[in-house]
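Since the structure comes first, as structure tokens, the remarks are kept for the end.
The values are calculated or read from the model by the stated rules, or taken from the named source; none is laboratory data. Note that the structure is predicted; figures quoted are calculated from it, not measured. Ideal geometry is used to build each Cβ from the backbone, glycine not excepted, and the neighbour counts take in all protein chains shown. Calculation scope for accessible area: heavy atoms of the full protein, side chains included, ligands and nucleic acids excluded. Shrake-Rupley method; radii C 1.70, N 1.55, O 1.52, S 1.80 Å.
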Amino acid sequence: MTIQLPGFFDLQINGFCGIDFNAPDLIADRVEEALERIRATGVTRCLPTLVTSSVDDFAARARVLSRVRSPDIAGIHMEGPYISPDDGPRGAHPRAHTRPANIDDFKRRQDAADGRIVLVTLAPEVDGAVALIEHLVASGVRVAIGHTAATPDQIARAIAAGATLATHLGNGCAQMLPRHPNPIWELLAADTVFASFIADGHHLPPATVKSMIRAKGLERTILVTDAVAAAGCAPGTHTIGGVTSVLSADGRVSLPGTPYLAGSALTMDRAIANTVRYTGLPLEAVIPMASTIPAAYLDLQPRGTVTAEWDADAADLRVLRTSA
């Protein structure tokens, strides 16, 4: 069945088809090439995501992204460096560049980005987090909680200060957590907090996706790809921000020799189809999680339309073309 859908909106994408937005040699032409290939998967607006790095390295990448005036870019997602330095919650982010939250440090990064940072992921337990959250919210920047080992009280204070999203909930946390309390329960229970999920079958098992979406509610659920340069590529070795990762034949992207994931090779059309399959929800209930809900979270609208082929029996979505 051929269907018309609103353009997809991805709040977290680190690269695509061999192009790494965190690469030291990033140029505008490469960004535009990646955006064109991302658009073929139905994503017509996105937040290129820059991960934990030094101010100078971040500034160099942000300047490139800020010069690309494509309407596909709705802003920049700054993931780190104000995150947990610990193994597990830190994920693939380089420990050497994690640091306390600092308003002046953020201002330097925002200046380099020409004011285009619209979303910041941080850990509530790092020094200075609450003050920075308050500053970000006052300046119109959305704040997400992620890569964290925060206590319930620390999470509550971050939410009270204005944090409104949980970044890839269920990931970016310790491999072994207390049964309760833990950050996952706290963020699922927070009624003012949206949650993003990576529905690739590697970051979260299907039953976990189903349970978390039930708990968070359809209207506060956002699908993201967290795609890295390995997305759209053959299995092999790739990098994100200078960190080596390996894409396996089953689509899992991980740090070599570790159990830690390092982003995903997911595309948004597959994320939608997987979520339908994992949850049993109808397609019309899942599409907003990848389009209107993330757009509205940033006070924006989806851009353009997606013409796709939907096989309900197989829960398979195939993008035919986009119009934006």
Would you calculate the convex hull of the Cα atoms in the chain and tell me its volume per residue in Å³? 114 Å³
What FRET efficiency comes out for the pair residue 260/residue 96, r = Cβ-Cβ distance, R0 = 22 Å, nearest 0.05? 0.85
Return the FRET efficiency for the residue pair residue 312, residue 185: r is the Cβ-Cβ distance, R0 is 35 Å, and the value is rounded to the nearest 0.05. 0.55
Dipole magnitude of region 248-324, debye to nearest 20 (Cβ charges: Lys/Arg +1, Asp/Glu -1, about Cα centre): 220 debye
If region 67-119 were replaced by its equivalent ellipsoid, with semi-axes equal to the square roots of 5 times the Cα gyration tensor eigenvalues, what would those be, largest first, whole Å? 24, 14, 8
Order 220, 109, 95 by their accessible area, 1.4 angstrom probe, all chains in place, largest first. 95, 220, 109
Given charges at Cβ of Lys, Arg, Asp, Glu: the chain dipole, positive-most of 16, 236, 117: 117
What does the accessible area of residue 148 come to, in Å² to the nearest 10, when a probe of 1.4 Å is used? 10 Å²
log10 I(q)/I(0) for region 156-196, Debye formula on C-alpha points only (no solvent), q = 0.16, 0.28 Å⁻¹, two decimals, reads -0.39, -1.05
Over every pair of different alpha-carbon atoms in region 1-122, take the mean of 1/r and invert it; report that Kirkwood radius in Å. 14.9 Å
In a Gaussian network model over the chain where Cα atoms closer than 10 Å are linked, find which of 288, 205, 81 has the largest mean-square fluctuation. 205
What value in Å³ per residue do you get for the convex hull of the alpha-carbon atoms in region 183-264? 109 Å³
Per-residue ellipticity at 222 nm attributable to helices in the chain (runs of n ≥ 4 DSSP H, -39500 (n - 2.57) apiece, nearest 500 deg cm²/dmol) works out to -8500 deg cm²/dmol
On alpha-carbon atoms, Rg over Rh for region 10-61 using Kirkwood Rh? 0.97
Whole-angstrom Cα spans of region 93-151 along principal axes, big to small: 31, 24, 16
Can you give the accessible area per residue of the chain, in Å², using a 1.4 Å probe? 39 Å²
log₁₀ I(q)/I(0) of region 169-324 at q = 0.13, 0.18, 0.19 Å⁻¹, via Debye over equal Cα point scatterers, no solvent, to two decimals? -0.66, -1.21, -1.31
Cα-based convex hull, region 72-185, per residue volume (Å³, whole number): 103 Å³
Compute the relative contact order of the chain as a whole-number percentage, counting only Cα pairs closer than 8 Å that sit 6 or more residues apart in sequence. 23 percent
Relative intensity, log₁₀ I(q)/I(0), of region 242-324 from a Debye sum that treats every alpha carbon as a point, q = 0.12, 0.18, 0.25 Å⁻¹: -0.49, -0.91, -1.14
From the Cα centre of region 73-119 to that of region 244-285, the distance in Å is 24 Å
What dipole magnitude, in Debye to the nearest 20, does region 115-263 give about its Cα centre under +1 on Lys/Arg Cβ and -1 on Asp/Glu Cβ? 260 debye
For residue 219 and residue 285, compute 0.36 nm times the residue count separating them, minus their Cα-Cα distance, and round to one decimal in nm. 22.8 nm
Once the Cα gyration tensor of region 120-227 is diagonalised, what are the square roots of 5 times its eigenvalues, in whole Å and ordered largest first, as equivalent ellipsoid semi-axes? 22, 15, 12
For residue 32, what accessible surface area do you get with a 1.4 Å probe? Give it in Å², rounded to 10. 90 Å²
